Amino acid sequence: MKDKYVDAIKQVVKPIRDRVALSVGRAVLRLVDDGVPLQAVQVEALSGEVRDRVERLQNYGFTSVPLPGCRAVVVFPGGDRSSGIVVATDDAGVRKRGLAAGEVAVYNNEGDYILLKKGGGIEITTTKGITINAPNGVSVNSANGVTVSAPSVSVLNGDVIASGISLKNHTHTGCQGGSTGAPN
């Protein structure tokens, strides 16, 4: 008689247990559509279970297009496998490794990264170059100076002014033979 009640309870609880078990899962990302308001991805979840147009939620202020083959965590609200949401992705093959406790890095698959270092400081590493687009100017404030180590520094348009003296328009007085003209 006791087994009959246990079996009946198991039978009633089984659909709920199954939905809970299917509500969160690991997946492999296959495709990404970044041209829609909320990024849509294709994932392969359970063995051979492919889900298209799955929304991928990202943290505000950060966005990325992960590479196919990266791992994902998919939440299926209510255990409904037809409407998943990707809540996390990671790619062990390109993830920046070796960080100290508390450090944070933003990185890509080509080796470029911005590292917020333990104890302070920021390190930027790139394989190509850095472009800053700032139509209203760029300011650098440093109590200890600025050091540039480069074979050349170019100012394409405009002037360089140091301590109020223009590199483009300054003249020298008191030179033997008179003052010099402005540089060409």
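The values are calculated or read from the model by the stated rules, or taken from the named source; none is laboratory data. Just so we're clear, the structure is a prediction, and the values are computed from it rather than from any experiment. Glycine also receives a Cβ, built like all others from the backbone with ideal geometry; neighbour counts cover every protein chain displayed. For the accessible areas, the whole protein counts, side chains as well, though only heavy atoms, and no ligand, DNA or RNA atoms are used. Shrake-Rupley method; radii C 1.70, N 1.55, O 1.52, S 1.80 Å.
General remarks:
- With all projection directions averaged, the alpha carbon convex hull of the range 50-137 covers 9.0 nm².
- With 0.36 nm allotted per residue and the present C-alpha distance subtracted, the VAL24-SER82 stretch has 19.6 nm of extension available.
- Packing-based ranking of 112-120, 158-166, 19-27 yields 19-27, 112-120, 158-166, ordered from highest to lowest mean Cβ neighbour count within 10 Å.
- Spin-label model, LEU156/ASP112: points 7 Å from Cα along the beta carbon direction are separated by 1.7 nm.
- Under a 5 Å amide H cut-off, with hydrogens placed 1.01 Å from N, HIS170 pairs with nothing among residues at least 5 apart or on other chains.
- Accessible area per residue, Å², the chain with all protein chains present, probe 1.4 Å: 78
- The range 34-109 and the range 130-167: distance between their alpha carbon centers, rounded to Å: 39
- Per-pair calculated FRET efficiency, R0 = 22 Å: ILE122 and SER166 via Cβ, rounded to 0.05: 0.10
- The phi torsions of the range 54-68, fed into the Karplus equation with coefficients 6.51, -1.76 and 1.60 and a -60° offset, translate into couplings of 7, 5, 10, 7, 10, 5, 3, x, 10, 9, 7, 10, x, 7, x Hz, rounded to whole numbers, with Gly and Pro shown as x.
- Carbon/sulfur fraction of accessible area - the range 48-97, other protein chains in place, 1.4 Å, %: 54
- Computed FRET value (nearest 0.05) for VAL75 with THR147, which takes r as the C-beta separation and R₀ as 41 Å: 0.25
- Rounded to 5, percent antiparallel among DSSP beta bridges of the range 48-173: 90
- Of the three principal axes defined by the Cα atoms of the range 63-112, the extents in descending order read 38, 24, 18 Å.
- Each Lys and Arg contributes +1 and each Asp and Glu -1, all at the Cβ; summed about the Cα centre of the range 40-184, the dipole is approximately 220 debye.
- Packing rank of 40-53, 131-144, 90-103, where each peptide gets the mean count of other beta carbons within 10 Å, highest leading: 40-53, 90-103, 131-144
- 0 to 90° range, to nearest 10: angle between helix 2-21 axis and the chain longest Cα axis: 20
- The range 1-75 - Rg (one decimal) and Dmax (whole number), Cα, Å: 18.1, 60
- Mean residue ellipticity at 222 nm, helices only, the chain: -3500 deg cm²/dmol; runs of at least 4 DSSP H residues each add -39,500 (n - 2.57), and the sum is divided by the number of residues.
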